[in-house]
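Input: a single structure, listed below in C-alpha coordinates.
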Amino acid sequence: MLNINFKIIALGIVLLVGVMQAIAQRYETVVHDPERNWFNEGNPLPAEKPLILTGEIQPTVRLVRLQIAQEADFRRQVLERTWTRKPGNNAAQFQMPISFHLRSGKQYSFRLSYYATAQAEEVNYLRKQLKATLGAYLEGTAEVSRNRLQLMLNNRVMVREMDRIVEDACALFRTSDGETWPGFSEMIADRLQAIHKKKAKRSEIDSKEDMQRQRIAVLERHMERIIELVNAEVDYFFNREWIKRIDQITIPDYPVENSRKLLAVNAGYGATGLGTANNSLQYGSSFFAGISFPLTHHTNAPKLLQNSSFSTGVMFSDQEDDLGNIYRGPIIKTPIYAALGYKVFQFVRVNVGATVLEKQGAGGQSNPGVSERNFTIQPFVGLSAELLLWIGTSR
(Lines give C-alpha, C1' and ligand atoms only; values in the text may rest on other atoms or scores of the structure.)
Protein backbone atom coordinates (compact mmCIF):
# COMPACT_ATOMS: atom_id res chain seq x y z
CA MET A 1 0.00 0.00 0.00
CA LEU A 2 2.82 2.38 0.87
CA ASN A 3 4.52 1.60 -2.43
CA ILE A 4 1.32 2.34 -4.40
CA ASN A 5 0.79 5.63 -2.58
CA PHE A 6 4.40 6.60 -3.25
CA LYS A 7 3.92 6.01 -6.97
CA ILE A 8 0.76 8.13 -6.97
CA ILE A 9 2.62 10.96 -5.22
CA ALA A 10 5.50 10.70 -7.70
CA LEU A 11 3.10 10.80 -10.66
CA GLY A 12 1.39 13.86 -9.17
CA ILE A 13 4.73 15.63 -8.84
CA VAL A 14 5.60 14.83 -12.45
CA LEU A 15 2.27 16.22 -13.67
CA LEU A 16 2.68 19.37 -11.56
CA VAL A 17 6.15 19.96 -12.92
CA GLY A 18 4.81 19.45 -16.44
CA VAL A 19 2.02 21.98 -15.99
CA MET A 20 4.50 24.55 -14.66
CA GLN A 21 6.78 23.90 -17.61
CA ALA A 22 3.90 24.28 -20.09
CA ILE A 23 2.94 27.62 -18.54
CA ALA A 24 6.54 28.80 -18.77
CA GLN A 25 6.58 27.99 -22.50
CA ARG A 26 3.52 30.13 -23.41
CA TYR A 27 3.76 32.62 -26.28
CA GLU A 28 4.92 36.14 -25.47
CA THR A 29 3.49 39.08 -27.43
CA VAL A 30 5.85 41.40 -29.30
CA VAL A 31 4.31 44.67 -30.54
CA HIS A 32 5.82 46.53 -33.50
CA ASP A 33 5.48 50.32 -33.45
CA PRO A 34 5.60 51.51 -37.09
CA GLU A 35 6.15 55.17 -36.16
CA ARG A 36 9.22 54.60 -33.99
CA ASN A 37 10.14 51.40 -35.82
CA TRP A 38 10.91 49.39 -32.69
CA PHE A 39 9.47 46.53 -30.65
CA ASN A 40 7.87 46.64 -27.20
CA GLU A 41 8.62 50.34 -26.68
CA GLY A 42 12.30 49.87 -27.43
CA ASN A 43 12.92 47.04 -24.99
CA PRO A 44 15.01 44.00 -25.98
CA LEU A 45 13.10 41.05 -27.39
CA PRO A 46 12.37 37.97 -25.23
CA ALA A 47 14.96 35.20 -25.57
CA GLU A 48 14.43 31.49 -26.09
CA LYS A 49 10.63 31.71 -26.15
CA PRO A 50 7.90 31.36 -28.78
CA LEU A 51 6.56 34.76 -29.81
CA ILE A 52 3.48 36.33 -31.33
CA LEU A 53 4.36 39.38 -33.43
CA THR A 54 1.58 41.95 -33.80
CA GLY A 55 1.38 45.37 -35.41
CA GLU A 56 -0.90 47.90 -37.05
CA ILE A 57 -1.79 47.57 -40.75
CA GLN A 58 -3.96 49.40 -43.26
CA PRO A 59 -7.32 47.86 -44.19
CA THR A 60 -6.05 47.31 -47.75
CA VAL A 61 -3.13 45.12 -46.64
CA ARG A 62 -3.73 41.48 -47.57
CA LEU A 63 -0.39 39.92 -46.68
CA VAL A 64 2.47 40.67 -44.28
CA ARG A 65 5.83 39.03 -44.85
CA LEU A 66 8.39 38.74 -42.03
CA GLN A 67 12.08 38.00 -42.58
CA ILE A 68 14.57 37.53 -39.74
CA ALA A 69 18.30 37.48 -40.35
CA GLN A 70 21.47 37.43 -38.28
CA GLU A 71 22.97 40.32 -40.27
CA ALA A 72 21.61 43.62 -41.56
CA ASP A 73 22.22 42.67 -45.20
CA PHE A 74 19.92 39.61 -44.80
CA ARG A 75 22.42 37.25 -46.41
CA ARG A 76 22.03 34.84 -43.48
CA GLN A 77 18.26 34.66 -43.19
CA VAL A 78 17.10 32.37 -40.37
CA LEU A 79 13.32 32.63 -40.69
CA GLU A 80 10.55 33.74 -43.04
CA ARG A 81 6.86 33.84 -42.10
CA THR A 82 3.74 35.32 -43.70
CA TRP A 83 0.38 36.49 -42.39
CA THR A 84 -2.57 36.44 -44.79
CA ARG A 85 -5.83 38.30 -44.22
CA LYS A 86 -8.74 35.87 -44.22
CA PRO A 87 -12.02 36.72 -46.00
CA GLY A 88 -14.20 38.86 -43.77
CA ASN A 89 -11.29 39.91 -41.53
CA ASN A 90 -11.24 43.71 -41.40
CA ALA A 91 -8.92 43.99 -38.39
CA ALA A 92 -6.46 46.89 -38.28
CA GLN A 93 -3.63 44.70 -36.98
CA PHE A 94 -1.95 41.38 -37.77
CA GLN A 95 -0.89 38.58 -35.42
CA MET A 96 1.88 36.22 -36.51
CA PRO A 97 3.13 33.31 -34.34
CA ILE A 98 6.91 32.80 -34.41
CA SER A 99 8.12 29.43 -33.18
CA PHE A 100 11.77 30.33 -33.83
CA HIS A 101 13.56 30.99 -30.49
CA LEU A 102 15.79 34.06 -30.51
CA ARG A 103 19.09 33.34 -28.85
CA SER A 104 19.99 35.15 -25.66
CA GLY A 105 22.24 38.21 -26.00
CA LYS A 106 22.26 38.15 -29.81
CA GLN A 107 21.15 40.76 -32.34
CA TYR A 108 18.77 40.09 -35.23
CA SER A 109 17.59 42.15 -38.18
CA PHE A 110 13.88 42.18 -39.06
CA ARG A 111 12.15 43.08 -42.30
CA LEU A 112 8.38 43.55 -42.62
CA SER A 113 6.84 43.77 -46.11
CA TYR A 114 3.20 44.77 -46.67
CA TYR A 115 1.22 43.71 -49.74
CA ALA A 116 -2.11 44.91 -51.17
CA THR A 117 -4.14 43.84 -54.21
CA ALA A 118 -2.36 44.69 -57.45
CA GLN A 119 -4.26 46.55 -60.16
CA ALA A 120 -4.96 44.56 -63.33
CA GLU A 121 -3.30 47.26 -65.44
CA GLU A 122 -0.09 46.95 -63.41
CA VAL A 123 0.01 43.17 -63.75
CA ASN A 124 -0.68 43.26 -67.48
CA TYR A 125 2.03 45.86 -68.00
CA LEU A 126 4.47 43.74 -65.97
CA ARG A 127 3.61 40.67 -68.05
CA LYS A 128 4.07 42.58 -71.32
CA GLN A 129 7.43 44.04 -70.30
CA LEU A 130 8.66 40.70 -68.99
CA LYS A 131 7.82 38.90 -72.23
CA ALA A 132 9.57 41.62 -74.24
CA THR A 133 12.68 41.35 -72.04
CA LEU A 134 12.82 37.56 -72.36
CA GLY A 135 12.37 37.76 -76.12
CA ALA A 136 15.19 40.27 -76.44
CA TYR A 137 17.41 38.09 -74.24
CA LEU A 138 16.84 35.01 -76.40
CA GLU A 139 17.42 36.89 -79.63
CA GLY A 140 20.54 38.51 -78.21
CA THR A 141 22.13 35.21 -77.21
CA ALA A 142 21.64 33.59 -80.65
CA GLU A 143 23.26 34.39 -83.96
CA VAL A 144 23.07 33.01 -87.47
CA SER A 145 26.46 32.02 -88.80
CA ARG A 146 26.54 30.82 -92.38
CA ASN A 147 24.06 27.97 -92.49
CA ARG A 148 23.44 27.36 -88.80
CA LEU A 149 21.98 28.91 -85.64
CA GLN A 150 24.54 29.36 -82.89
CA LEU A 151 23.77 29.83 -79.17
CA MET A 152 26.41 31.88 -77.37
CA LEU A 153 25.62 30.35 -73.97
CA ASN A 154 24.94 26.87 -72.64
CA ASN A 155 21.20 26.07 -72.65
CA ARG A 156 21.18 25.46 -68.86
CA VAL A 157 22.88 28.81 -68.22
CA MET A 158 20.30 30.52 -70.42
CA VAL A 159 17.40 28.98 -68.51
CA ARG A 160 18.92 30.03 -65.16
CA GLU A 161 19.38 33.60 -66.39
CA MET A 162 15.80 33.73 -67.72
CA ASP A 163 14.56 32.51 -64.34
CA ARG A 164 16.51 35.33 -62.70
CA ILE A 165 14.94 37.85 -65.09
CA VAL A 166 11.46 36.71 -64.04
CA GLU A 167 12.30 36.75 -60.32
CA ASP A 168 13.84 40.24 -60.51
CA ALA A 169 10.88 41.58 -62.49
CA CYS A 170 8.43 40.20 -59.91
CA ALA A 171 10.37 41.45 -56.89
CA LEU A 172 7.54 43.83 -55.90
CA PHE A 173 4.78 41.33 -56.65
CA ARG A 174 3.50 38.03 -55.26
CA THR A 175 0.60 35.79 -56.12
CA SER A 176 -2.20 35.96 -53.58
CA ASP A 177 -1.90 32.21 -52.92
CA GLY A 178 1.81 32.52 -52.10
CA GLU A 179 3.09 30.71 -55.19
CA THR A 180 6.57 31.65 -56.38
CA TRP A 181 8.02 31.36 -59.87
CA PRO A 182 8.66 27.63 -60.42
CA GLY A 183 11.25 28.14 -63.13
CA PHE A 184 11.02 27.44 -66.82
CA SER A 185 10.22 23.86 -67.73
CA GLU A 186 12.65 21.23 -68.90
CA MET A 187 11.07 21.50 -72.34
CA ILE A 188 12.52 25.01 -72.79
CA ALA A 189 16.03 23.75 -72.00
CA ASP A 190 15.58 20.81 -74.39
CA ARG A 191 14.35 23.06 -77.23
CA LEU A 192 17.31 25.41 -76.75
CA GLN A 193 19.69 22.46 -76.92
CA ALA A 194 17.94 21.18 -80.05
CA ILE A 195 18.38 24.41 -82.03
CA HIS A 196 22.02 24.88 -81.06
CA LYS A 197 24.06 24.61 -84.27
CA LYS A 198 20.86 23.75 -86.14
CA LYS A 199 21.07 23.96 -89.95
CA ALA A 200 18.34 24.97 -92.36
CA LYS A 201 17.11 21.98 -94.34
CA ARG A 202 17.08 21.99 -98.15
CA SER A 203 13.35 21.32 -98.11
CA GLU A 204 12.83 24.60 -96.22
CA ILE A 205 14.58 26.71 -98.89
CA ASP A 206 13.36 27.82 -102.34
CA SER A 207 16.33 27.64 -104.69
CA LYS A 208 14.89 30.33 -106.99
CA GLU A 209 15.25 33.07 -104.34
CA ASP A 210 18.06 34.43 -102.17
CA MET A 211 19.15 31.25 -100.38
CA GLN A 212 21.12 32.94 -97.59
CA ARG A 213 18.24 35.21 -96.69
CA GLN A 214 15.95 32.20 -96.64
CA ARG A 215 18.30 30.32 -94.33
CA ILE A 216 18.29 33.22 -91.86
CA ALA A 217 14.50 33.43 -91.95
CA VAL A 218 14.13 29.67 -91.36
CA LEU A 219 16.48 29.71 -88.38
CA GLU A 220 14.78 32.80 -86.93
CA ARG A 221 11.46 30.97 -87.08
CA HIS A 222 12.93 28.21 -84.87
CA MET A 223 13.86 30.85 -82.29
CA GLU A 224 10.41 32.43 -82.55
CA ARG A 225 8.80 29.09 -81.67
CA ILE A 226 10.91 28.92 -78.50
CA ILE A 227 9.92 32.49 -77.63
CA GLU A 228 6.27 31.47 -78.06
CA LEU A 229 6.79 28.59 -75.61
CA VAL A 230 8.48 30.94 -73.13
CA ASN A 231 5.61 33.43 -73.41
CA ALA A 232 3.08 30.63 -72.87
CA GLU A 233 4.73 29.61 -69.58
CA VAL A 234 4.84 33.24 -68.45
CA ASP A 235 1.13 33.65 -69.31
CA TYR A 236 0.25 30.51 -67.36
CA PHE A 237 2.05 31.79 -64.27
CA PHE A 238 0.39 35.23 -64.52
CA ASN A 239 -3.09 33.74 -64.89
CA ARG A 240 -3.92 34.26 -61.18
CA GLU A 241 -4.57 37.00 -58.66
CA TRP A 242 -1.59 39.18 -57.74
CA ILE A 243 -0.65 41.41 -54.83
CA LYS A 244 1.94 44.20 -54.79
CA ARG A 245 4.31 45.35 -52.09
CA ILE A 246 3.22 48.79 -50.92
CA ASP A 247 5.62 49.24 -48.01
CA GLN A 248 8.71 47.66 -46.48
CA ILE A 249 10.24 48.31 -43.06
CA THR A 250 13.66 47.14 -41.86
CA ILE A 251 14.71 47.03 -38.21
CA PRO A 252 18.45 46.29 -38.22
CA ASP A 253 20.48 44.75 -35.40
CA TYR A 254 17.73 44.67 -32.79
CA PRO A 255 18.91 43.28 -29.42
CA VAL A 256 17.62 40.18 -27.61
CA GLU A 257 17.58 40.12 -23.83
CA ASN A 258 20.20 38.23 -21.85
CA SER A 259 18.16 35.32 -20.56
CA ARG A 260 18.31 34.11 -16.99
CA LYS A 261 20.62 31.29 -16.11
CA LEU A 262 18.46 28.19 -15.98
CA LEU A 263 19.05 24.82 -14.37
CA ALA A 264 17.06 21.92 -15.81
CA VAL A 265 15.82 19.65 -13.02
CA ASN A 266 14.74 16.20 -14.14
CA ALA A 267 12.23 14.41 -11.85
CA GLY A 268 10.18 11.27 -12.34
CA TYR A 269 9.79 7.57 -11.65
CA GLY A 270 12.06 4.86 -12.98
CA ALA A 271 13.22 1.28 -12.74
CA THR A 272 16.64 -0.36 -12.67
CA GLY A 273 17.84 -3.92 -13.14
CA LEU A 274 19.32 -5.85 -10.20
CA GLY A 275 20.73 -8.86 -12.00
CA THR A 276 19.33 -12.37 -11.39
CA ALA A 277 18.19 -14.25 -8.31
CA ASN A 278 16.32 -17.55 -8.02
CA ASN A 279 16.73 -17.95 -11.79
CA SER A 280 14.72 -14.83 -12.54
CA LEU A 281 15.51 -11.28 -13.56
CA GLN A 282 15.36 -8.84 -10.68
CA TYR A 283 14.48 -5.17 -10.84
CA GLY A 284 13.58 -2.34 -8.51
CA SER A 285 11.81 0.98 -8.92
CA SER A 286 11.92 4.35 -7.25
CA PHE A 287 11.27 8.04 -7.61
CA PHE A 288 14.36 9.82 -8.94
CA ALA A 289 15.64 13.33 -9.52
CA GLY A 290 18.65 14.88 -11.20
CA ILE A 291 19.85 17.58 -13.54
CA SER A 292 19.70 17.62 -17.33
CA PHE A 293 21.90 19.06 -20.06
CA PRO A 294 20.51 19.56 -23.59
CA LEU A 295 22.50 18.00 -26.42
CA THR A 296 22.23 21.26 -28.36
CA HIS A 297 21.15 24.87 -27.82
CA HIS A 298 20.81 25.61 -31.52
CA THR A 299 17.18 26.16 -32.57
CA ASN A 300 18.09 25.26 -36.16
CA ALA A 301 19.44 21.83 -35.17
CA PRO A 302 17.48 18.68 -36.10
CA LYS A 303 14.45 18.00 -33.90
CA LEU A 304 16.05 14.77 -32.69
CA LEU A 305 18.88 16.74 -31.07
CA GLN A 306 16.64 19.59 -29.86
CA ASN A 307 14.40 17.14 -28.01
CA SER A 308 17.27 15.11 -26.49
CA SER A 309 19.21 15.66 -23.29
CA PHE A 310 21.71 13.95 -21.00
CA SER A 311 20.73 13.65 -17.34
CA THR A 312 22.28 12.31 -14.18
CA GLY A 313 21.00 12.04 -10.65
CA VAL A 314 19.97 9.67 -7.89
CA MET A 315 17.17 7.25 -7.10
CA PHE A 316 15.61 8.04 -3.75
CA SER A 317 15.19 4.47 -2.49
CA ASP A 318 17.51 1.53 -1.94
CA GLN A 319 16.69 -1.52 -4.06
CA GLU A 320 16.18 -5.08 -2.84
CA ASP A 321 16.08 -8.39 -4.72
CA ASP A 322 14.20 -11.59 -3.85
CA LEU A 323 17.13 -12.87 -1.75
CA GLY A 324 17.05 -9.82 0.48
CA ASN A 325 20.24 -8.29 -0.92
CA ILE A 326 20.25 -4.52 -0.68
CA TYR A 327 21.52 -2.35 -3.55
CA ARG A 328 22.74 1.15 -2.82
CA GLY A 329 25.05 3.50 -4.62
CA PRO A 330 28.74 4.25 -4.18
CA ILE A 331 29.97 7.15 -2.06
CA ILE A 332 26.58 8.75 -1.30
CA LYS A 333 24.95 5.38 -0.52
CA THR A 334 22.04 5.81 -2.94
CA PRO A 335 21.73 4.50 -6.54
CA ILE A 336 23.21 6.85 -9.14
CA TYR A 337 21.86 6.93 -12.71
CA ALA A 338 22.95 8.48 -16.00
CA ALA A 339 20.63 8.49 -19.02
CA LEU A 340 19.73 9.99 -22.36
CA GLY A 341 16.29 11.55 -22.40
CA TYR A 342 13.94 12.32 -25.27
CA LYS A 343 10.92 14.64 -25.11
CA VAL A 344 7.82 12.75 -26.28
CA PHE A 345 5.30 15.39 -25.18
CA GLN A 346 5.54 19.05 -24.21
CA PHE A 347 7.04 18.25 -20.81
CA VAL A 348 7.34 14.45 -20.56
CA ARG A 349 10.63 12.70 -21.26
CA VAL A 350 11.57 9.05 -21.65
CA ASN A 351 14.98 8.26 -20.15
CA VAL A 352 17.17 5.27 -20.98
CA GLY A 353 20.57 4.70 -19.46
CA ALA A 354 22.39 2.90 -16.65
CA THR A 355 22.50 2.79 -12.84
CA VAL A 356 25.62 2.35 -10.70
CA LEU A 357 24.85 0.10 -7.73
CA GLU A 358 26.76 -1.40 -4.81
CA LYS A 359 25.49 -4.81 -3.79
CA GLN A 360 25.40 -5.50 -0.08
CA GLY A 361 24.28 -8.48 1.93
CA ALA A 362 20.85 -9.21 3.29
CA GLY A 363 19.64 -6.36 5.45
CA GLY A 364 22.18 -4.01 3.92
CA GLN A 365 25.21 -5.39 5.80
CA SER A 366 28.52 -5.72 3.96
CA ASN A 367 29.96 -9.23 3.85
CA PRO A 368 32.70 -9.61 6.51
CA GLY A 369 36.16 -10.36 5.22
CA VAL A 370 35.43 -9.01 1.75
CA SER A 371 37.72 -6.07 1.02
CA GLU A 372 36.51 -5.38 -2.54
CA ARG A 373 33.24 -3.67 -3.00
CA ASN A 374 30.68 -5.42 -5.20
CA PHE A 375 29.84 -2.73 -7.76
CA THR A 376 27.51 -3.40 -10.68
CA ILE A 377 26.13 -1.40 -13.57
CA GLN A 378 22.52 -2.14 -14.50
CA PRO A 379 20.10 -0.80 -17.12
CA PHE A 380 17.84 2.10 -16.20
CA VAL A 381 14.56 3.36 -17.70
CA GLY A 382 12.32 6.13 -16.45
CA LEU A 383 9.57 8.61 -17.21
CA SER A 384 10.12 12.18 -16.08
CA ALA A 385 9.41 15.87 -16.51
CA GLU A 386 11.88 18.75 -16.72
CA LEU A 387 11.52 21.95 -14.74
CA LEU A 388 13.69 24.94 -15.62
CA LEU A 389 14.81 26.76 -12.47
CA TRP A 390 16.19 30.28 -12.54
CA ILE A 391 19.61 30.74 -10.99
CA GLY A 392 20.83 34.23 -10.13
CA THR A 393 19.84 37.54 -8.60
CA SER A 394 16.86 39.66 -9.55
CA ARG A 395 17.37 42.04 -12.44
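The values are calculated or read from the model by the stated rules, or taken from the named source; none is laboratory data. Computed from a predicted model, the values in this text were never measured in an experiment. Here the Cβ positions follow ideal geometry from the backbone for every residue, glycine too, while neighbour counts run over all protein chains shown.
Please indicate, with yes or no, whether at least one residue in region 315-326 is in contact with a helix residue (DSSP H, G or I) (Cβ under 7 Å, 6 or more places away or on another chain) and in a loop (DSSP other than H, G, I, E, B).
Checked region 315-326: no residue is in contact with a helix residue (DSSP H, G or I) (Cβ under 7 Å, 6 or more places away or on another chain) and in a loop (DSSP other than H, G, I, E, B).
Quick one: would you say Ile246 is in contact with a Leu (Cβ under 8 Å, 6 or more places away or on another chain) and at pLDDT 60 or above? Considered against the rule, which asks whether it is in contact with a Leu (Cβ under 8 Å, 6 or more places away or on another chain) and at pLDDT 60 or above, Ile246 comes out as no.
Tell me, yes or no, whether region 299-309 has at least one residue that is modelled with pLDDT under 85, among the small types (Gly, Ala, Ser) and either assigned to a strand (DSSP E or B) or under 26 Å from Phe347 (Cβ atoms) (or both). Before you say what the answer is, go through the steps one by one.
In the first step, residues of region 299-309 are kept if they are modelled with pLDDT under 85; the result is 299-307.
Imposing the further condition that a residue be among the small types (Gly, Ala, Ser) reduces the set to 301.
When the remaining residues are screened for being either assigned to a strand (DSSP E or B) or under 26 Å from Phe347 (Cβ atoms) (or both), the result is 301.
Checked region 299-309: at least one residue is modelled with pLDDT under 85, among the small types (Gly, Ala, Ser) and either assigned to a strand (DSSP E or B) or under 26 Å from Phe347 (Cβ atoms) (or both).
Scanning region 77-95 for residues that are more than 14 Å from the chain's Cα centre (by Cα) and either more than 16 Å from Ile243 (Cβ to Cβ) or touching a residue at least 60 places away in the same chain (Cβ under 8 Å) (or both) returns Thr82, Thr84, Gly88, Asn90, Ala91, Ala92, Gln93, Gln95.
Name every residue in region 306-340 that is small (Gly, Ala, Ser) and either surrounded by fewer than 21 Cβ atoms within 10 Å (Cβ to Cβ) or more than 42 Å from the chain's Cα centre (by Cα) (or both), in order of residue number.
Residues satisfying the conditions are Ser308, Ser317, Gly324, Gly329, Ala338.
Residues that are surrounded by 14 or more Cβ atoms within 10 Å (Cβ to Cβ) and free of Cβ contacts under 8 Å to residues at least 40 places away in the same chain: does region 266-284 have at least one? Yes, region 266-284 contains a residue that is surrounded by 14 or more Cβ atoms within 10 Å (Cβ to Cβ) and free of Cβ contacts under 8 Å to residues at least 40 places away in the same chain.
Just one of the numbered conditions (1) surrounded by 14 or more Cβ atoms within 10 Å (Cβ to Cβ); (2) touching a Phe, Trp or Tyr at 6+ places or on another chain (Cβ under 9 Å) is not true of Phe293: (1).
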